[in-house]
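This report refers to the structure that appears directly beneath it.
The values are calculated or read from the model by the stated rules, or taken from the named source; none is laboratory data. The model shown is predicted, which means the values in this text are computed figures rather than measured ones. Positions of Cβ are backbone-derived with ideal geometry, glycine not excepted, and every protein chain shown enters the neighbour counts.
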Amino acid sequence: MGVALGDYHVHLHPHVPRPGSPPPGVYPKEHVEAYVEQALARGATEVGFTEHLHRFADFEPAIADFWETGESGDLVAHSRQYYYDDLNLRLDRYVSAVTAARERGLPVLLGLEVDFLPAYQDVIAEVLRRHPFDFLIGSVHWIGAWSVDHPAVAHEFERRGVRRAYEDYFGLVTELAESRSVDVLAHPDVVKKFGHRCVEEPLDLYERLVRAASRNEIAMEVSSAGLRYEVAEPYPAPSLLRMAHAAGVPITLASDAHYPDQAADRYRELVRYAWDAGYRHRVAFRTGGVREAVALPDPYEDEHWPLERDDGV
């Protein structure tokens, strides 16, 4: 019996290129195929590419200056610099690269990671409608002018306070779920990335998010990316994932890979994490946005995981 897994959060360009990384906006066939080959080698059966919306010049006329909020000048300056340093892709080239890979027979889906910028959602949606995306994942990377998951401005946690940072972050993620503008909530508690934790686990914030996701039929991503950062835990937290399962919120699986060797990163561990929260199925997307439930393999049965990998499992 094969393992029916998908990695539904994969980027073709890193924020910090490694030697050998193609220039931004260039998509060599072998580069695209390297992600797919790595994912398949780890038991995945398909890859959903989801480049960051904010990196595409197509959106710049509509969203530029979103960081001009009147907040702390250091946050404004950092976000301006970060945005323009990362503004180096074009949607048509990205879409063509992924669709061409599918035409070559690769098991890939065309997605996008949509930054939630509440004041700009209508103009963002207008641009998105011009392209044949199979699914959209939504994420909160900015709280006003604060790039919440960027290490250069992590000092804002001390200035704002951890509990308030969580309130501000989860307020936006909940609003994103209520907007029904995406199919999946990406790394739904990325606010914990650097290890900042509330004194008491914010179950009230989790509950509001879970209710919104359930009510609006939005899936939640279970991501191994957190294992690569200081928090050393998948997204979302165990309590949040258990609450999501109890409420009937479906899940996808994700690595948030930015380099080929991260595709389907630690997937047996990730499936075990989802399994322990009660999940036995994941959501799969098909061309045109069709959804279906796909059974998760048993992470405790070796027959489903024929390849030994250096991933701590």
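General remarks:
- Leu209 crowded, with 23+ Cβ neighbours inside 10 Å and either modelled with pLDDT of 95 or more or outside any helix (DSSP H, G or I) (or both): yes
- Selection from the stretch 142-181 of residues that are aliphatic (A, V, I, L, M) and buried (at least 16 other Cβ atoms within 10 Å of the Cβ): Ile143, Ala145, Val148, Val153, Ala154, Val162, Ala165, Leu172, Val173, Leu176, Ala177
- A count restricted to the stretch 257-294 and to residues that are in a helix (DSSP H, G or I), under 19 Å from the mean Cα position of the chain (by Cα) and either crowded, with 21+ Cβ neighbours inside 10 Å or not charged (D, E, K, R) (or both) stands at 8.
- Checked against (1) of a type in the set (A, V, I, L, M); (2) within 20 Å of Ala34 (Cβ to Cβ); (3) in contact with a strand residue (DSSP E or B) (Cβ under 6 Å, 6 or more places away or on another chain), Leu75 meets all criteria but (2).
- Some residue of the stretch 243-254 being touching a His at 6+ places or on another chain (Cβ under 6 Å), surrounded by 20 or more Cβ atoms within 10 Å (Cβ to Cβ) and of a type outside the set (Ser, Thr, Tyr): yes
- Leading residue by the ranking (modelled with the lowest pLDDT) among those in the stretch 1-52 that are touching a helix residue (DSSP H, G or I) at 6+ places or on another chain (Cβ under 6 Å) and over 17 Å from Ser223 (Cα atoms): Val3
- Inspection of the stretch 144-152 identifies no residue that is of a type outside the set (Lys, Arg), within 23 Å of Arg93 (Cβ to Cβ) and assigned to a helix (DSSP H, G or I).
- Flag for Arg228 being out of contact with any helix residue (DSSP H, G or I) (no Cβ under 6 Å at 6 or more places or on another chain), basic (Lys, Arg), buried (at least 23 other Cβ atoms within 10 Å of the Cβ) and under 29 Å from Val108 (Cβ atoms): no
- Scanning the stretch 76-95 for residues being free of Cβ contacts under 8 Å to residues at least 40 places away in the same chain, surrounded by 14 or more Cβ atoms within 10 Å (Cβ to Cβ) and aliphatic (A, V, I, L, M) gives a total of 2.
- Unmet requirement for Pro23, which otherwise passes all of (1) surrounded by fewer than 16 Cβ atoms within 10 Å (Cβ to Cβ); (2) within 21 Å of the chain's Cα centre (by Cα): (2)
- When the test is whether a residue is without any contact (Cβ under 8 Å) to a residue 60 or more places away in the chain, among the hydrophobic types (A, V, I, L, M, F, W, C) and either out of contact with any strand residue (DSSP E or B) (no Cβ under 7 Å at 6 or more places or on another chain) or part of a loop (DSSP other than H, G, I, E, B) (or both), Ala125 passes it.
- In the stretch 26-68, the residues that are farther than 29 Å from Arg130 by Cα and surrounded by fewer than 16 Cβ atoms within 10 Å (Cβ to Cβ): Glu37, Ala41
Quick grid of which residues meet (1) closer than 27 Å to Gln121 by Cβ; (2) within 20 Å of the chain's Cα centre (by Cα); (3) in a strand (DSSP E or B):
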| position | (1), (2), (3) |
| --- | --- |
| His13 | yes, yes, no |
| Thr45 | no, yes, yes |
| Asp58 | yes, no, no |
| Tyr82 | yes, yes, no |
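- Reported count of residues in the stretch 158-202, each being over 16 Å from Phe116 (Cα atoms) and either assigned to a loop (DSSP other than H, G, I, E, B) or in contact (Cβ under 8 Å) with a residue 40 or more places away in the chain (or both), is 13.
- Selected residue [within 25 Å of Gly289 (Cα to Cα) and in contact with a Gly (Cβ under 7 Å, 6 or more places away or on another chain)] from Leu253, Leu209: Leu253
- Scanning the stretch 96-134 for residues that are charged (D, E, K, R) and either closer than 24 Å to Glu60 by Cβ or surrounded by 14 or more Cβ atoms within 10 Å (Cβ to Cβ) (or both) gives Arg102, Glu113, Asp115, Asp122, Glu126, Arg129, Arg130, Asp134.
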